[in-house]
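**Student:** The structure that follows is given in the form of structure tokens.
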Amino acid sequence: MKGSLPTKKKFTVSPAPHFFSGRTIPKVMWTVAAALLPALAASVIFFGWRAVRLQAAAVAAAVVTEAVISRLRRRPLTIGDGSAVVTGLLLAFNLPPDVPAWLAAAGAVFAIAVVKQAFGGLGFNIFNPALGGRLFVAHSWLSRMTTFTPPLTAETAGLDAMTYATPLGAAREALVERIPSLWNMFIGNTGGCIGETSALAILLGGMVLLSMGYISWRIPAAYLGSVALLTWLLPVGEGAVALSPLEHLFSGGLMLGAVFMATDMVTTPVSGKGMLAFGLGCGTITAVFRLYGGNPEGVSYSILIMNAFTPLIDRFTRPRVFGTLKKGLWPRKA
Amino acid sequence: MKTRSFQGGIRIDDFKRFTERKPIETLPPPPKAYLPLKQNAGSPPRPVVEIGAEVSAGEVIAAPSGAVSSTLHASVFGKVSAIADHPHPSGADSPAIVIETAAAGNGFSGMEPMVDWEGAAPEDIRARVLEAGIVGMGGAGFPAQVKLEPPPGKKIETAVINAAECEPFLTVDHRLLLEETEKVVAGLKIIMRAAGAARGVVAVESNKADALDRLERALEKEENIFTVLLTVKYPQGAEKQLLKTVADREVPSGGLPADVGCLVHNVHTATAIADAVLHGRPLIERVVTVSGFGLDRPGNFRVRLGTPFSRLLEAAGGPPDGELRLIAGGPMTGVAQRDLGTPVIKSTSGLVVLPPLPRARNLPCLRCGKCLTVCPMGLVPCDLARAAEKGRREDFAGLSGADCMECGCCAYVCPAARDLVQFIQLGKALEE
């Protein structure tokens, strides 16, 4: 603009800061969704078409439910931010391969409508929606949710068609011959829920999120570390076969839970110390459930229980304020 | 040389490359100078001239009105044409003395140079600083003479010149360090004399290596003045973070630098103090960086106080077409402007032109915790904002909301684009 300047021009007057990091909610959520792609690929390799239909049903139901509720609440549509898609995928990953598609959809509807939206929507929910949905489905259709068929590649793992095809289930029943090798557990060639079997695929996605600074190393490290430590130190319950710490890490829903669900920002503590405490709590509960609980699984329960403790953890793990001394364990009144 | 740092903060592109090599260019006085009364923290001075009065550049036009106040001088030769409300960089219109310029020229009517300042009494130096109308020129505008007087019972051992200049785009301090090195050092020595400090430090961010070289040569003969190299991180130039890095001391919550035996002044404040003491020159002009995106000739300009922003933008090649954001100050803490007739005041360090950034703001807090990791004061910005939003005064105080220095690091990283700084400002207002 040359020549004389008018004193009035179109200026945007917005508050400071006027610079912005470029990180947005959609960016975070869609990146998490992308990080789930290796696990998605693994689910298709090991469980084929069954996996695809469950994921499609869950994601579609999640997105539609969120859209409908946004309309009911007279709020703008939030499905573009990717969080419903992530919830749908994670829920599907937590399902055994042979459940019907309507069950996946039912879980997704519950996860979005009750666990997330009824509490206020994104940012306000206390409990992890995918896990809440899984719990609802697991307790409503118990036998469907505890029936596992082996993966398509079962022959290579030396397994045949059995109902107790999960490593943890086999260990609990002391069916040693049905516990797959550590390598098979690592790559995912075992029975189990469609997205949880491949520790390798999950770790790949997790590394991406870690390197981009979207998740903290603290929760997965504390969670996995405490499970490893406790399963190494503590004796296993009666009648069951002890698994090594590594076998524990690679079996069941632990890797998926530690990397993708216990790291859900909304339902977990906000400070670094709090995240460590959270991971430690999850790990302890998971280890105790796996070793001594009635159910060979423990990850979903441990995360949901710890979700309930998050506000309390947040209160006690605030960082030290510059220019003050830390005054013992109890925070000042607030 | 190893750089030192503090906890928290953000590493961002400093965009100094647009203007760091541009020597300071002096612009002629404007046809009209608009001098707001409020150019300092504390109480604004009271006018001592009337409409129609003929004034010289450097003549007192408003006198201090309280313990924390400053003096205002005419920045041009001319006639007082109005005392009325006029746009102010803070956003709201406020009373200003308008002078129609009669003659250009670099003269000023000032005070006697204090030739013997090295032996002068500290209170005399402080009186001169008040008389010259000097306030913190890094942006805070705090009356400089108040800072030079240690609170009762406290001793100042180290005087620090804040040459961090951590806001992106701004290069005022950098150019002054390069072009007026001796004046900066003189200013520091005068400050040391006035405050009774035995030691002086010039703390420079490592993106000003050329300035550091100059400084070290100028300080060769000085036994009590040292340089400290700082990491380039925002907000390194914030007083408390600066002292933590330089002296490894934390100013206690609610306290002052004097509580850790230190005193901090901005580079330009130091040169203004040197001008006032050595040459009797009151504060009537300052250097402003005009930078941003879309300018043909960004640069560093020395202008008379009261110069409208339009003249600065013209000198920089005019603002680009279309809608834009014009920020007075730096992009992290500056104030978005709405009127090109707004004048430069004592604390206007820069004018930054930015394109608009439309985005959905104030989405729900994700509890991601990024704001905690970057807060230099160890606060929990998301919780502070939530407490303020709900009007919970006790919660806000319990979370140490008063310690927030509004640097903006939290809002910079927030993926939900929450107006955290503004919520916290709201929370601070709850206390009243």
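What follows draws every value from the coordinates through simple rules; no lab data is involved. Treat the numbers as computed from the prediction; the structure is a model and nothing was measured. All Cβ positions, even for glycine, are placed from backbone atoms using ideal geometry, and neighbour counts span all protein chains on display.
**Student:** Just going by the charge dipole of the protein assembly as shown, with Lys and Arg at +1 and Asp and Glu at -1 on Cβ, which of A:VAL63, B:ILE51, B:GLN422 is farthest out on the positive end?
**Tutor:** Farthest along the dipole direction, towards plus: A:VAL63.
**Student:** Select from chain B the helices, each a whole stretch of DSSP H, whose alpha-carbon atoms run 20 Å or more along the helix axis and whose Kyte-Doolittle mean is at least -1.0; answer none if there are none.
**Tutor:** Values: long enough: B:181-195 (21 Å, 0.77).
Membrane-span-like by this rule: B:181-195.
**Student:** Moving to a separate point now. Once the principal axes of the Cα atoms of chain A are found, what is the range along each, listed largest first in whole angstroms?
**Tutor:** Its Cα atoms span 86, 50, 37 Å along the three principal axes.
**Student:** Determine the sum of side-chain charges near B:THR101: Lys and Arg each +1, Asp and Glu each -1, restricted to other residues whose C-beta is under 15 angstrom from that of B:THR101. Don't skip to the end; give the middle numbers.
**Tutor:** Details: positive: B:LYS32, B:LYS79, B:ARG304, B:ARG311; negative: B:GLU54, B:GLU59, B:GLU100, B:GLU285.
Around B:THR101, the surrounding residues sum to 0.
**Student:** Count charges around A:GLN117 for me, please; just the other residues with Cβ under 14 Å from its Cβ, Lys/Arg as +1, Asp/Glu as -1.
**Tutor:** Details: positive: A:ARG71, A:ARG73, A:ARG74, A:ARG75, A:LYS116; negative: A:GLU66, A:ASP81.
Its environment carries a net charge of +3.
**Student:** Could you tell me which of the pairs B:LYS16/B:LYS208; B:LYS183/B:LYS233; A:LYS273/B:LYS233; B:LYS208/B:LYS233; A:LYS27/B:LYS233 are separated by over 19 angstrom between their Cα atoms in the structure shown? Could you put the intermediate results ahead of the total?
**Tutor:** Values: B:LYS16/B:LYS208 10 Å; B:LYS183/B:LYS233 27 Å; A:LYS273/B:LYS233 24 Å; B:LYS208/B:LYS233 13 Å; A:LYS27/B:LYS233 25 Å.
Exceeds cut-off: B:LYS183/B:LYS233; A:LYS273/B:LYS233; A:LYS27/B:LYS233.
**Student:** Can you list residues whose amide H is under 5 Å from B:LEU324's amide H, if they're 5+ apart or on another chain and H is modeled 1.01 Å from N?
**Tutor:** Placed amide hydrogens put A:THR12 under 5 Å from B:LEU324.
**Student:** Peptide A:250-259: average number of partner chain Cβ atoms within 10 Å per residue?
**Tutor:** On the way: counts 0, 0, 0, 0, 0, 0, 0, 0, 0, 0.
What the average comes to for A:250-259 is 0.
**Student:** Can you pull the one-decimal nm distance between simple spin-label points at A:ILE305 and B:GLU431, each 7 Å off the Cα toward Cβ?
**Tutor:** Output for this residue pair reads 4.2 nm.
**Student:** Follow-up question, since we're still on this one. What number, in percent, do you get for the relative contact order of chain B if the mean sequence gap of Cα pairs under 8 Å and at least 6 apart is divided by its residue count?
**Tutor:** Values: 1031 pairs, mean separation 85.1, N = 432.
Relative contact order for chain B comes out at 20 percent.
**Student:** Contact order normalised by length for region B:283-329, with contacts defined as Cα pairs under 8 Å and 6 or more residues apart; what percent is it? Provide the component values of the computation, followed by the final result.
**Tutor:** Details: 51 pairs, mean separation 16.7, N = 47.
Computed over region B:283-329, the figure is 36 percent.
**Student:** Before anything else, pin down the relative contact order of chain A: Cα pairs under 8 Å, at least 6 apart, normalised by residue count, whole percent. Walk me through the numbers before you get to the answer.
**Tutor:** Values: 545 pairs, mean separation 52.2, N = 334.
With pairs under 8 Å counted, the relative contact order is 16 percent.
**Student:** Considering only A:ASN307, A:ASN295, A:ASN189, give the residue with the highest GNM mean-square fluctuation for chain A, with springs between Cα atoms whenever their separation is below 10 Å.
**Tutor:** A:ASN295
**Student:** Please determine, in degrees from 0 to 90 and to the nearest 10, the orientation of helix A:49-72 with respect to the longest principal axis defined by the Cα atoms of chain A, where the helix direction is its Cα long axis.
**Tutor:** On a 0 to 90 degree scale, this one is about 40.
**Student:** Once each part is reduced to its C-alpha centroid, what is the distance from region A:237-286 to region B:14-46 in angstrom?
**Tutor:** If we compute the Cα centre of each part, the gap is 57 Å.
**Student:** Let me ask you something else. Scanning chain A for trypsin sites (Lys or Arg not before Pro) in DSSP loops with at most 16 other Cβ atoms within 10 Å, what's the longest stretch left with none?
**Tutor:** Details: sites that count: A:LYS2, A:LYS8, A:LYS10, A:ARG73, A:ARG74, A:ARG320, A:LYS326, A:LYS327, A:ARG332, A:LYS333.
That would be A:75-319.
**Student:** A further question follows. Taking a point 7 angstrom from the Cα of A:VAL241 along the C-beta vector, which residues in region A:191-216 have backbone N less than 16 Å away?
**Tutor:** Label zone hits: A:191.
**Student:** With Cβ to Cβ distances under 11 Å as the rule, what net charge do the other residues near B:ILE345 carry (K, R +1; D, E -1)?
**Tutor:** On the way: positive: B:LYS38, B:ARG286, B:LYS346; negative: none.
That works out to +3.
**Student:** Beyond 19 Å between alpha-carbons counts as too far, so tell me which of A:LYS10/B:LYS22; B:LYS147/B:LYS221; B:LYS240/B:LYS390; B:LYS32/B:LYS79 fall in that bin. Present the calculation step by step, with values, prior to reporting the outcome.
**Tutor:** On the way: A:LYS10/B:LYS22 29 Å; B:LYS147/B:LYS221 27 Å; B:LYS240/B:LYS390 29 Å; B:LYS32/B:LYS79 10 Å.
Over 19 Å Cα-Cα: A:LYS10/B:LYS22; B:LYS147/B:LYS221; B:LYS240/B:LYS390.
**Student:** Any aspartates and glutamates with Cα under 18 Å of the B:LYS370 Cα? List them, leaving off those in the same chain fewer than 8 positions away.
**Tutor:** Cα-Cα hits under 18 Å: A:ASP264, A:ASP314, B:ASP383, B:GLU406, B:ASP419.
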